[in-house]
Amino acid sequence: MRKTISILGSTGSVGMQTLDVVRSCGDMRITGLAAGRNVDRMVAQIREFKPRIACMWDEERAKELKVRVADTRTKVVTGMDGLIEVATEENAEIVVTAVVGMIGLRPTIAAMEAGKDIALANKETFVTAGHLIMKKAKMINTRILPVDSEHSAIFQCLNGESPKRISRILLTASGGPFRGMTRRQMEKITVQQALRHPNWSMGHKITIDCSTMVNKGLEVIEAKWLFNVEMGQIEVVVQPESIIHSMVEFKDGSVIAQMGVPDMRLPIHYALNYPQRMPFQGGRLDFKKLSTLHFEEPDMENFRGLKLAYEAGETGGTMPTVLNAANEWAVSRFLNGKLRYLEIVDVIEDAMRAHKVKWNPSLEKILETERETYAYIESRW
């Protein structure tokens, strides 16, 4: 029986790799696609996969798309309403949430309420609203299948194990392109340098987040909610080769690790086929050539973004939303040449220090906190 899929963020890195997986699996069908501004790529995807519905976030580009695919049967929608319509398309069984940022929050919740399983690549949803998402998932029995390589690894390590037996989660990090550098050495980092990740091919925003290690901090908070553990049970370990994707240590001292080549299509393939393990045409590890694996402690002094993320996760309430919103704002300005590299973390710290935490926030309070954080930063930077 063919599995039917909607993809939010289909023209981005994870979205396109998801479509690669769909191409390689003969038993999957795309019913919905959503993207931001890349009309050319969306046109090509519509013509290849023939979805019932497609959304462009940008209204003008949605109008252009509608004209260019007028000869197809695909319905074109736009904006948040359109994104939610794709997420809740009646035929979709699983929704891949690959959009970047808090824009994914409302459509993820809507998809869950419509009875869809979630293949989660939008970590900001869990960082800001993990308490709401997990409560709702439990109430309506929705499966949340992690797509990030680290969280997929933890999920796989826990197969057949009780989460209550977890002692520690060992969340691996590559260390990014500036591993081993001091803040002084990073003072003049350019956008081009920050976008050269040593192991992974990703979108611009997440690549910058990996270079600052803020991304790893966001993943720590995400893991807290996904696997129902305390922040203190999650330890970041730098594993520069990106061969071990994460590990779980159990209460008896045993450690289970998930290994594989650094290829995002592998965790995507696992999530879309779960609970089955289907054949995958990607690369394989050659242990005869894999002579050494390295492990290091993360440098939280020169990469303060990771330290701030731990602080935000331990504080809770609306503080993770401030961390996330400030980071999104700062990374956008850095990519546009309007902020220096080291100022990304400075902006985050400034916003966090100024924030008065609200506890157990509703969805509306989370979105309000995001707006307030943007307004504060705009007034200061």
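The values are calculated or read from the model by the stated rules, or taken from the named source; none is laboratory data. Everything quoted here is computed from the prediction, not taken from an experiment. Backbone-built Cβ (ideal geometry, glycine too); neighbour counts: all protein chains shown. Just so you know, the surface numbers come from the protein's heavy atoms only, side chains and all, with ligands and any DNA or RNA stripped out. Shrake-Rupley method; radii C 1.70, N 1.55, O 1.52, S 1.80 Å.
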Please give the solvent-accessible surface of TYR376 in Å², to the nearest 10, using a probe radius of 1.4 Å with every protein chain present. 60
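Using only the heavy atoms of the protein chains and a 1.4 Å probe, how would GLU314, GLU222, GLU368 rank by accessible area, largest first? Intermediate values should be presented prior to the final figure.
Details: GLU314 120, GLU222 0, GLU368 60 Å².
Heavy-atom accessible area, descending, gives GLU314, GLU368, GLU222.
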Give the distance, in whole Å, between the Cα centre of segment 159-226 and the Cα centre of segment 240-261. 16
Any idea of ILE53's accessible area? Nearest 10 Å², probe 1.4 Å. 10
Tally Lys/Arg at +1 and Asp/Glu at -1 over every other residue whose Cβ is under 13 Å from the Cβ of PRO275; what's the total? +2
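Counting only protein chains, not ligands or nucleic acids, how are TYR374, TYR310 ordered by accessible area (probe 1.4 Å), most first? Spell out each step's value before the answer.
On the way: TYR374 60, TYR310 30 Å².
From most exposed to least exposed: TYR374, TYR310.
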Leaving out ligands, DNA and RNA but keeping every protein chain, what accessible area does SER13 have, in Å² rounded to the nearest 10, with a 1.4 Å probe? 30
Normalised radius of gyration for the chain, please: alpha carbon Rg relative to 2.2 N^0.38 Å, two decimal places. 0.96
Where does segment 208-297 land on Rg(C-alpha)/(2.2 N^0.38 Å)? 1.21
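Using Cα pairs closer than 8 Å and at least 6 residues apart in sequence, work out the relative contact order for segment 257-356, in percent.
On the way: 54 pairs, mean separation 18.6, N = 100.
Once divided by the residue count of segment 257-356, the mean separation gives 19 percent.
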When the helix-only estimate is applied to the chain (DSSP H runs of n ≥ 4, each -39,500 (n - 2.57), divided by the residue count), what is the mean residue ellipticity at 222 nm, nearest 500 deg cm²/dmol? -14000 deg cm²/dmol
When the gyration tensor of segment 14-82 is built from Cα positions, what are the square roots of 5 times its three eigenvalues, in whole Å, from largest to smallest? 20, 12, 10
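Just to confirm the filter: which trypsin sites (Lys or Arg not before Pro) across segment 144-230 are DSSP coil and have at most 10 other Cβ within 10 angstrom of their Cβ? Before the final figure, lay out each step's value.
Working: sites: LYS164, ARG165, ARG168, ARG179, ARG183, ARG184, LYS188, ARG196, LYS205, LYS216, LYS224; in loops: ARG179, ARG183, ARG184, LYS188, ARG196.
Of the trypsin sites (Lys or Arg not before Pro), the ones in loops of segment 144-230 whose Cβ has at most 10 other Cβ atoms within 10 Å are ARG184, LYS188.
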Take the Cα atoms of segment 319-381, find their three principal axes, and give me the spread along each one in whole Å, biggest first. 35, 19, 18
